[in-house]
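> Below you will find the structure I want to go over with you.
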Amino acid sequence: MTATVYLVGAGPGAPDLITLRAARLLEAADIVFYDALVHADTVALAKNAEKVAVGKRYGKHSAAQLFINKRLVDAARKYKTVVRLKGGDPMLFGRAQEEIDALAEAGIACEVVPGITAALAASAELGISLTRRGLSRSVAFATPRVGREEQPSDWAASLINADTGVLYMAAHEAREIAAQLIARGKSAGTPVMVVENASLQSRRHLTTLGAMAHEGLPALEGPAVLMLGEVYRAALEAATALPQSPRKANNAAK
Ligand code: SAH
């Protein structure tokens with residue numbers, strides 16, 4: 001008898017942004033392998049489980065991934081309920097496929113439980129639809145990040161063709177990304193909304209592709225998504241108008 005391994009989405013960060021199914025599986029788990037970005041309170045839902053931290057924030061290379069795959073297979077042979085807890089949704093930039101394939105190869109049953117991905121948590125918090133009527137009919141989720149042995153990808157093409165783009169694992173290359181998108185024909189005036197730590201102590205930063213190509217971004221501490229497109233134009237204009245508003249407010253108070 002081997003266990004089923006559940007690849008569970010932990011959501012974007014806030015511990016209550018998780019599905020009931022995920023919470024129940026965590027409660028029932030004998031062992032949980034969790035990613036670095038998962039909130040401690042979410043891991044703590046696994047009351048009776050052995051808790052194993054896997055995965056580094058950056059530079060998770062294939063050796064580490066192979067090791068995780070092996071640990072999942074081993075755990076499935078030893079425990080009844082095995083949970084692999086991943087940030088956001090497992091199926092988006094989460095290396096879920098490597099784990100699904102490794103488990104299938106070992107003849108171990110695997111089920112995926114979806115979670116709320118960072119782009120959707122950020123959009124909820126902003127109150128700005130990714131597909132605002134009249135401005136956007138398409139969304140691209142992309143990352144400039146490629147693993148060590150992978151072919152380079154044309155991530156920029158998807159962002160040029162989509163009305164709204166969301167870039168994951170991109171904030172520390174912001175300047176190069178902006179330069180590349182502009183060189184490929186995206187307008188330098190395209191609004192960019194950066195959301196850091198969506199659903200937690202989030203911070204946002206508004207700029208344009210042109211400004212980002214020049215100045216990069218302010219230092220960020222948490223994970224961040226770069227969102228770009230016309231849907232952020234109104235927010236950008238409101239933010240640019242901000243420096244005058246405190247004076248106005250003071251005058252009004254007098
Ligand atoms: N599977 C995850 C993504 C993993 S890749 C998901 O569906 O969200 C890790 C990247 O996700 C980070 O580099 C960052 O771009 C993004 N990310 C994760 N959590 C985030 C958060 N709370 N706020 C903003 N971006 C986040």
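The values are calculated or read from the model by the stated rules, or taken from the named source; none is laboratory data. What you are looking at is a predicted structure, and each value in this text was computed from that prediction instead of being measured. Please note: Cβ atoms are built from the backbone with ideal geometry, for glycine as well, and neighbour counts cover all protein chains shown. Surface accessibility is based on the protein's heavy atoms, side chains included, excluding ligands, DNA and RNA. Shrake-Rupley method; radii C 1.70, N 1.55, O 1.52, S 1.80 Å.
> Is there a residue in segment 98-112 that is free of Cβ contacts under 8 Å to residues at least 40 places away in the same chain, open to solvent by 30 Å² or more (accessible area, probe 1.4 Å) and within 13 Å of the ligand (Cβ to nearest atom)?
Checking segment 98-112: not a single residue is free of Cβ contacts under 8 Å to residues at least 40 places away in the same chain, open to solvent by 30 Å² or more (accessible area, probe 1.4 Å) and within 13 Å of the ligand (Cβ to nearest atom).
> Quick check: anything in segment 52-69 charged (D, E, K, R) and closer than 25 Å to Gly107 by Cβ?
no
Results for (1) closer than 22 Å to Met91 by Cα; (2) of a type in the set (Lys, Arg); (3) at pLDDT 95 or above, shown as yes or no for each residue.
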position: Arg145; (1), (2), (3): yes, yes, no
position: Pro152; (1), (2), (3): yes, no, no
position: His172; (1), (2), (3): no, no, no
position: Gln180; (1), (2), (3): no, no, yes
position: Ala188; (1), (2), (3): no, no, yes
position: Gln201; (1), (2), (3): no, no, no
position: Met212; (1), (2), (3): no, no, yes
position: Glu230; (1), (2), (3): no, no, yes
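> Another question, if that's okay. Are any residues in segment 128-138 in contact with an Asp or Glu (Cβ under 7 Å, 6 or more places away or on another chain) and open to solvent by less than 60 Å² (accessible area, probe 1.4 Å), and if so, which ones?
Ser136, Ser138, listed by residue number.
> Here is a follow-up. Could you please find all residues in segment 164-184 being in contact with a helix residue (DSSP H, G or I) (Cβ under 7 Å, 6 or more places away or on another chain) and among the charged types (D, E, K, R)?
Hits for segment 164-184 are Arg175, Arg184.
> Here's a follow-up. Is there a residue in segment 199-217 that is open to solvent by less than 30 Å² (accessible area, probe 1.4 Å) and within 14 Å of the ligand (Cβ to nearest atom)?
Yes, because at least one residue in segment 199-217 is open to solvent by less than 30 Å² (accessible area, probe 1.4 Å) and within 14 Å of the ligand (Cβ to nearest atom).
> To continue, here is another question. Among the residues of segment 127-145, is any in a helix (DSSP H, G or I) and either within 14 Å of the ligand (Cβ to nearest atom) or not hydrophobic (A, V, I, L, M, F, W, C) (or both)?
no
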